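Peer 1: Dumping the structure here so I can ask a few things about it.
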Amino acid sequence: MSKLYIVPTPIGNLKDITFRAVEVLKKADLILAEDTRTSGKLLKHFEIATPMQSHHMHNEHKMVDSVVQKLKSGITIALVSDAGTPAISDPGFLLSRACIENDIAVECLPGATAFVPALVNSGLPNDKFVFEGFLPVKKGRQTRLLLLAEETRTMIFYESPHKLVKTLGHFCEYFGEDRLLSVSRELTKLYEETVRGTAKEVLEHYTKKPPKGEIVIVVSGKK
């Protein structure tokens with residue numbers, strides 16, 4: 001029977017892929033990849049010869065119907081993003097929803113995602129938390145920050161390195177300079193780093209030392 005597999009891929013260290021993920025990628029009839037060049041390196045490393053097709057934020061709306069039709073024809077498709085679990089701040093939701101609406105089986109494998117190790121590494125309460133992903137760039141950003149200023153649960157954000165200092169400045173402004181937070185970058189990679197402290201302290205650190213790599217910010221909730 002046809003099935004859509006959602007397959008997490010390593011966020012840095014290739015050893016973090018699961019045996020099952022490699023098996024599914026080898027047995028699938030087609031792999032939908034956010035970037036075929038990035039995924040191509042992964043497939044080559046694990047000697048996976050399954051054909052690939054691009055499926056990213058710029059074409060996923062147009063592709064959903066055609067992918068559903070392919071699945072209805074009886075083939076098995078695996079969906080991967082550049083790193084981590086598809087649909088977590090990456091393409092995947094639209095396709096999985098469409099499959100469910102069309103009674104096509106969807107199975108998500110467990111595996112790598114950046115926010116879990118960042119949350120655990122932070123030392124902040126993790127019994128209850130909210131995942132915010134990327135904040136709005138312009139429109140809606142202030143409204144969102146004002147709302148989150150009252151959030152009592154630990155909050156998790158993704159951010160790009162060139163916007164980190166600006167975002168930390170906004171956290172100081174809206175959450176207060178003494179709000180505890182943690183910034184993890186380059187998780188599972190050679191230069192993995194986690195910086196913890198108050199919003200002011202971490203802002204000062206990255207103002208002096210501009211960051212590189214993928215970034216996860218974990219912020220304590222309001223007390």
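Peer 1: With +1 on the Cβ of every Lys and Arg and -1 on the Cβ of every Asp and Glu, and nothing else charged, how large is the dipole of the stretch 39-149 about its Cα centre, in debye rounded to the nearest 20?
Peer 2: Values: 11 positive and 10 negative charges, 90 e Å.
Result for the stretch 39-149 is approximately 440 debye, rounded to the nearest 20.
Peer 1: How much accessible surface area, in Å² rounded to 10, belongs to the heavy atoms of Phe129 with a 1.4 Å probe?
Peer 2: Near enough 80 Å² of accessible area.
Peer 1: Same structure again: Restricting to Cα pairs below 8 Å that are 6+ residues apart, what does the relative contact order work out to for the stretch 51-185? Please round to a whole percent. Don't skip to the answer; put the middle values down first.
Peer 2: Details: 94 pairs, mean separation 25.9, N = 135.
This gives 19 percent for the stretch 51-185.
Peer 1: Given the rule -39500 (n - 2.57) for each run of at least 4 DSSP H residues, summed and divided by the residues of the chain, what is its mean residue ellipticity at 222 nm, to the nearest 500 deg cm²/dmol?
Peer 2: When only DSSP H runs of four or more count, the value is -10500 deg cm²/dmol.
Peer 1: Okay, moving on. Tell me, what % of the accessible area of the chain is carbon and sulfur with a 1.4 angstrom probe?
Peer 2: The nonpolar share, carbon plus sulfur, comes to 54 percent.
Peer 1: Any idea which of Tyr174, Pro211, Gly197 is furthest toward the positive side of the dipole for the stretch 158-216, if Lys and Arg beta-carbons carry +1 and Asp and Glu beta-carbons -1?
Peer 2: Ranked along the dipole, the leading option is Pro211.
Peer 1: Another one. Calculate the dipole size of the chain relative to its Cα centre from +1 charges on Lys and Arg beta carbons and -1 charges on Asp and Glu beta carbons; express the result in debye to the nearest 20. Spell out each step's value before the answer.
Peer 2: Details: 30 positive and 27 negative charges, 61 e Å.
Taking the Cα centre of the chain as origin, the dipole is about 300 debye.
Peer 1: Something else about it: Which residue fluctuates most in the GNM of the chain (Cα springs below 10 Å): Leu145, Leu95, Leu32?
Peer 2: Checking each option, the largest mean-square fluctuation is seen for Leu145.
Peer 1: Separate question: Please work out whether the stretch 10-55 counts as rounded, prolate or oblate from its C-alpha gyration tensor, where a ≥ b ≥ c are the square roots of the eigenvalues and a/c under 1.5 means rounded, while otherwise a/b larger than b/c means prolate and anything else oblate? Don't skip to the end; give the middle numbers.
Peer 2: Working: a/c = 1.78, a/b = 1.18, b/c = 1.50.
Oblate.
Peer 1: Compute the distance in nm between two label points, each set 7 Å from the Cα along the Cα-to-Cβ direction, one at Val137 and one at Arg20.
Peer 2: 3.7 nm
Peer 1: Continuing with this model, one more query. Can you list the HN-Hα couplings for the stretch 207-223, worked out from phi with the Karplus curve (6.51, -1.76, 1.60; θ = phi - 60°), rounded to whole Hz and with x for Gly and Pro?
Peer 2: 5, 7, 10, x, x, 10, x, 6, 10, 10, 10, 10, 10, 5, x, 6, 9
Peer 1: Here's something else I'd like to know. Accessible area per residue for the stretch 1-102 in Å², computed with a 1.4 Å probe and the full protein assembly in place, what is it?
Peer 2: Numbers: 5460 Å² over 102 residues.
Spelled out: the 1.4 Å probe surface of the stretch 1-102, per residue, equals 54 Å².
Peer 1: I would also like to ask the following. Out of (i) 1.02; (ii) 0.97; (iii) 1.09, which label holds the value of Rg/Rh (Cα atoms, Kirkwood Rh) that was computed here?
Peer 2: (i)
Peer 1: Continuing with this model, one more query. Hey, what's the stretch 149-223 come to in accessible area per residue, 1.4 Å probe, Å²?
Peer 2: On the way: 3890 Å² over 75 residues.
Ligands and nucleic acids excluded, the result is 52 Å² per residue.
Peer 1: Based on the mean of other Cβ atoms within 10 Å per residue, sort peptides 206-212, 66-72 so the most packed one is first. Show your work: numbers first, answer last.
Peer 2: On the way: 206-212: 12.6, 66-72: 16.6.
Ranking the peptides 206-212, 66-72 by packing returns 66-72, 206-212.
Peer 1: Shifting gears a bit: Given 0.36 nm per residue, what is the gain on full extension from Val106 to Tyr191 after removing their alpha carbon distance, in nm? Spell out each step's value before the answer.
Peer 2: Working: separation 85, 0.36 × 85 = 30.60 nm, distance 3.56 nm.
Separation in residues times 0.36 nm, less the Cα-Cα distance, equals 27.0 nm.
Peer 1: Sticking with this one: Want the number for Lys3 to Leu147: 0.36 nm per residue separation, take away the alpha-carbon distance, what's left? Don't skip to the answer; put the middle values down first.
Peer 2: Values: separation 144, 0.36 × 144 = 51.84 nm, distance 3.94 nm.
Computed gain between Lys3 and Leu147 is 47.9 nm.
Peer 1: So which trypsin sites (Lys or Arg not before Pro) in the stretch 104-152 end up in coil per DSSP with only 12 or fewer other C-beta atoms within 10 Å?
Peer 2: Working: sites: Lys128, Lys138, Lys139, Arg141, Arg144; in loops: Lys128, Lys138, Lys139.
Those satisfying the criteria are Lys128, Lys138, Lys139.
Peer 1: Another question, if that's okay. Tell me, what HN-Hα J-couplings in whole Hz come from the Karplus equation 6.51 cos²θ - 1.76 cosθ + 1.60 at θ = phi - 60° for each residue of the stretch 149-162, using x for Gly and Pro?
Peer 2: 4, 9, 5, 9, 8, 4, 10, 10, 10, 9, 8, 7, x, 6
The values are calculated or read from the model by the stated rules, or taken from the named source; none is laboratory data. Worth saying up front: this structure is predicted, and the values here are computed from it rather than measured. Cβ atoms come from the backbone with ideal geometry, glycine included; neighbour counts cover every protein chain shown. Quick note on the areas: whole protein, heavy atoms, side chains included, nothing else; ligands and nucleic acids left out. Shrake-Rupley method; radii C 1.70, N 1.55, O 1.52, S 1.80 Å.
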